[in-house]
1. Show me the ranking of peptides 340-348, 73-81 by mean Cβ neighbours inside 10 Å, starting with the highest.
2. With a 1.4 Å probe and all protein chains left in place, how much accessible area per residue does region 367-410 have, in Å²?
3. So, by mean Cβ neighbours within 10 angstrom, what's the order for 188-195, 242-249 with the highest one leading?
4. Between residue 328 and residues 5 or more places away or on another chain, which pairs have amide H atoms under 5 Å apart, with H built 1.01 Å from N, and which residues are they?
5. Highest mean first, what order results for 199-207, 433-441 on Cβ atoms within 10 Å?
6. How large is ³J(HN,Hα) for each residue in region 103-117, as worked out from phi by the Karplus curve 6.51 cos²θ - 1.76 cosθ + 1.60 (θ = phi - 60°), to whole Hz, x for Gly and Pro?
7. List, in order, the whole-Hz ³J(HN,Hα) value for each residue of region 69-79 obtained from phi through the Karplus relation with A = 6.51, B = -1.76, C = 1.60 and θ = phi - 60°; use x for Gly and Pro.
8. Would you kindly state how much longer the chain becomes between residue 450 and residue 303 on full extension, computed as 0.36 nm times their sequence separation minus their alpha carbon distance, in nm to one decimal?
Amino acid sequence: MTLVSPAQAHAQTNALVAKLWNYCNVLRDNGLSTIEYVEQLSYLLFLKMADEIASDPFTEQEAKAVVKAPYDWKSLARLKGIDLEIHYRTTLEVLAKKPGTTLGTIFAKSQNRITEPALLEKLVVDLIGKEDWTIQGTDLKGDAYEGLLAKGAEDTKTGAGQYFTPRALIDAMVDVMQPQPEDTITDPACGTGGFLIAAHHYIREKHMRDLSREQRLALGSGKIWGNELVTGTARLAAMNMLLHGIGDADGPSLITVGDALAEQPRRHASLVLANPPFGKKSAITVVGTDGKAEKEDISYERDDFRATTTNKQLNFLQHIMSLLEMNGRAAVVLPDNVLFEGGAGEKVRRRLLEEFDLHTILRLPTGIFYAGGVKANVLFFEKKPPRSGGAPNTSQLWVYDFRTAKHFTLKQHPLRRADLEEFVEAYLPGKPCNERVEVDSGRFKSFSYEELIARDKVNLDITWMKDPALDDADSLLPPEVIAQEIIEDLQAALNEFAAIAEALGGEVPADVDAISPNEAG
């Protein structure tokens with residue numbers, strides 16, 4: 001393998017992203033959306049990678065024939081024009097019939113969207129055919145693919161951004177959670193797999209030299225897995241993970257497709273990293289142990305849920321609480337309403353404080369997600385066994401206010417990993433929470449269980465800082481930032497009014513529903 005410096009790898013990645021993106025522009029002129037283009041890219045990348053693996057003399061014999069002729073890369077690459085287009089369509093139909101495998105996840109419900117044979121031929125010959133996608137620089141190719149997904153997230157018309165969490169936030173969350181080789185790691189709403197890939201990368205960076213061959217193989221073959229509701233997004237996640245060295249082309253799929261809320265977890269994890277989809281209501285009603293049920297066309301019961309609600313985020317929080325094994329830990333992005341909503345929200349928060357150790361909340365700024373009007377937080381908590389005497393497991397909650405006086409936009413002033421460095425250092429990763437101290441910026445404060453439980457409806461939406469820009473005319477923000485924040489505030493208010501209207505039985509247009517900044521991560 002040819003070694004390259006980080007700067008060279010970054011430059012090569014950017015060049016490859018630019019090359020792939022430029023061709024995306026050509027296909028968009030031909031009627032393809034960004035996500036449709038990335039899907040077509042995924043099919044062809046898989047076929048090319050399978051061919052490279054089969055051609056590698058060091059590949060074990062049983063792993064060689066992932067895709068057999070006449071539906072392999074060589075069969076496709078030797079054709080031209082209309083013959084290529086027809087054979088490509090047939091190949092997609094055949095490979096879609098492999099459920100349960102990575103191959104099946106990537107090709108599930110696949111269709112050819114490139115109706116112009118000349119454009120398909122150029123994609124096969126020039127873009128995919130001229131690159132070695134597995135022989136060297138696996139991380140480089142994976143980063144290039146992820147870079148393409150990031151660009152696709154900017155395509156707001158297709159809603160692609162709802163599956164994409166800012167990489168700077170993902171990295172900070174992973175850095176404080178410190179994934180270990182022995183961890184079992186999952187994301188029940190994985191989008192394009194960003195959290196899972198970042199956790200895998202962290203373990204490789206910090207521990208790979210100490211791992212045995214068996215441990216290395218286990219790391220990429222089942223200890224990290226995810227779930228995604230949307231078939232097309234699951235396809236992108238499976239391909240993204242495969243390009244980053246996680247999973248086997250012909251092995252069991254590490255991404256399951258379906259509604260994570262539909263049933264209790266069949267498998268538990270020691271670490272959950274997630275950014276569940278935002279929205280006013282779940283598509284179905286979950287009936288918890290309180291026995292209540294909302295009037296909906298479809299409903300199901302879950303004995304592990306303590307509160308009945310159609311609030312999707314509260315249900316995902318309850319699901320993640322069930323996903324954790326004892327002493328497992330979670331970092332979850334959730335909207336503000338989870339912190340202050342009454343009724344079921346209060347029940348869930350009380351349970352979180354009493355049965356879990358909710359030790360940290362990171363209040364996020366607006367302007368960092370592709371979905372407008374998103375005001376969110378990251379909740380960090382651990383599942384603990386009951387304490388003697390019925391004492392709550394949460395004794396102290398630390399809140400880091402990264403929202404007040406923080407102003408970001410997606411293009412002019414995007415969030416960087418360095419912006420979260422003070423939070424990461426204050427968190428004291430790997431150390432007991434009782435060693436934490438307040439920071440000079442005044443953004444990190446602790447609150448006792450007694451203070452929290454005494455708050456009206458156990459409201460955890462805690463603020464104490466004031467934005468100096470509100471009082472000081474000399475510190476006014478740039479006009480583009482002010483305009484963006486006005487848009488964010490209006491969108492957030494519209495989402496809240498829509499939720500009230502729906503609760504009162506009114507009809508709400510679909511385009512005002514808050515959507516997730518999830519990626520997929």
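1. Going by the mean number of other Cβ atoms within 10 Å, highest first, we get 340-348, 73-81.
2. Per residue, region 367-410 has an accessible area of 34 Å².
3. Order by mean packing, descending: 188-195, 242-249.
4. When sequence neighbours closer than 5 places are left aside, the close amide H contacts are 383.
5. Details: 199-207: 18.2, 433-441: 11.6.
Ranked by mean Cβ neighbours within 10 Å, highest first: 199-207, 433-441.
6. 4, x, 5, 5, 9, 4, 6, 6, 9, 7, 9, 9, 7, 9, x
7. The phi angles translate into 4, x, 10, 8, 5, 4, 4, 6, 5, 7, 9 Hz.
8. The span from residue 450 to residue 303 would gain 50.0 nm if fully extended.
The values are calculated or read from the model by the stated rules, or taken from the named source; none is laboratory data. These figures come from a predicted structure and were not determined experimentally. Neighbour counts run over all protein chains shown; Cβ positions are idealised from the backbone, glycine included. Ligands, DNA and RNA are excluded from the accessible area calculation, which covers all protein heavy atoms including side chains. Shrake-Rupley method; radii C 1.70, N 1.55, O 1.52, S 1.80 Å.
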